[in-house]
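The values are calculated or read from the model by the stated rules, or taken from the named source; none is laboratory data. Predicted model only: the values in this text are computed from it and were never measured. All Cβ positions, even for glycine, are placed from backbone atoms using ideal geometry, and neighbour counts span all protein chains on display. Each accessible area value is taken on the protein alone, full model and side chains, heavy atoms only, with ligands, DNA and RNA left out. Shrake-Rupley method; radii C 1.70, N 1.55, O 1.52, S 1.80 Å.
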Amino acid sequence: MTADRTIDPLAVHDHIFLGEDHDKAARRTWAVIALCTAMMIAEIVGGALFGSLALIADGLHMSTHAGALLLAALAYTYARRYAGDRNFTFGTGKFGDLAGYSSAIILAMIALLIGYEAVSRFLSPVAISFNEAIPIAVLGLAVNLASAWLLSGGHHGHDHGHGHGHEHPHDHGDDIRRINLGSGAGVIELEIFESGVPPRFRLRLPDGSRLQVSHVAVETIRPADSRQTFTFADRGDYLESLDEIPEPHEFMVKLRLKHDDQFKEFEERFAEHDHNAPAGAHHRDNNMRAAIVHVAADAAVSVLVIVGLLLARTFGWLWMDPLAGLIGAVVIANWSFGLLRDTGGILLDRNPDPRMTEKVRQTIEGDGDRVTDLHLWRLGPGHLGAIVSVSTTKARDVGYYRERLARFSDLSHLTIEVQR
């Protein structure tokens, strides 16, 4: 067995693996820092002039808030400045994840401090200056909402990092072929359907007419000339294949259909598409996510504090204030854990997308070769690195496999070894 280690000229490229909105995100973060700094100065100066210890305390709290966001801003700046530095073997795309991991630790510490203070106040209640505390909490909430708006770019498409573990199923809405039956007989729709279910073929007539199972036959022919015949079941409005369609969905389909008492054959080609939506996990900017989580956590605590203070003042329930703080601590700890888990996995080069890994494997093995080693990891937001070792009996070089994998636009750094 010999190994072809020839370097493909197309593989020579830069190692800048920053997110698509890297510079915009950096500007938004600096803008929020400026807002927090201005509020901090105003509160400290106002507290000193009017003798309000609560205002000074909230101003100092705002300084820690600005400090945490400064970590995110510096990560953006440093990653951009050293993006072309070859001392960073795989670029600086992970600086955001490192900053996000650090912010998650800070959030966890804040959750512990709030929890400790809440328990202490349960055991030893303290007097509360409601007329001073409530306006300050409202002011803090306003600043946090403004900060969240700035960080999200003025829309609500951001992720607070709740850590939902589900995967959004994709639908091959583009994989519908409308086949003209000719002679004014209309069309028939052939579809690969996989919206939340394993992929199967579906056949239907748009006018609502019924198809008979015995009148259709479908065969797929893949690039390595491997063939598979599909049988169908009647589902009422359409016919559905009994067998699932193996990945990748790149093949020629031969449809044999009985029409007007004679069989006709039609051919349609299906090509695999890259279905990775920008909102996928390996597209997420964890540095911006950490900044938004920090602001959202502060806003959540502000809301809970306002509710707790209002109830405590109205009904004399002093225990509502520490209870609100305890609930806030649990919420922050939960967000912190999700951020730690995701960023830690990236820093340890955990596989960011098992589905993508399987698609890469099937794309190569579907053509008759065998993948003997495969590594996939994240280089930065929207950028994946891959090392693939292929065993083949055919006269194929590195360029052949690079072309096969070119449809995966997220594979920004691809290393291929061919063994014969």
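Just to verify a number: FRET efficiency for residue 235 and residue 215, C-beta to C-beta distance, R0 = 22 Å, to 0.05? FRET efficiency, residue 235 to residue 215: 0.90.
Across the accessible surface of segment 299-420, with the other protein chains kept in place and a 1.4 Å probe, carbon and sulfur atoms take up 61 percent. Rolling a 1.4 angstrom probe over the protein heavy atoms with all chains in place gives segment 238-389 an accessible area of 43 Å² per residue. By the Stokes-Einstein formula, at 1.002 mPa s and 20 °C, segment 268-396 with its Kirkwood radius over alpha-carbon pairs has D equal to 115 µm²/s. Under 21 Å of direct C-alpha separation, and excluding same-chain neighbours fewer than eight residues apart, residue 254 reaches these lysines: 264.
Measuring between their Cα centroids, segment 291-334 and segment 396-420 lie 53 Å from each other.
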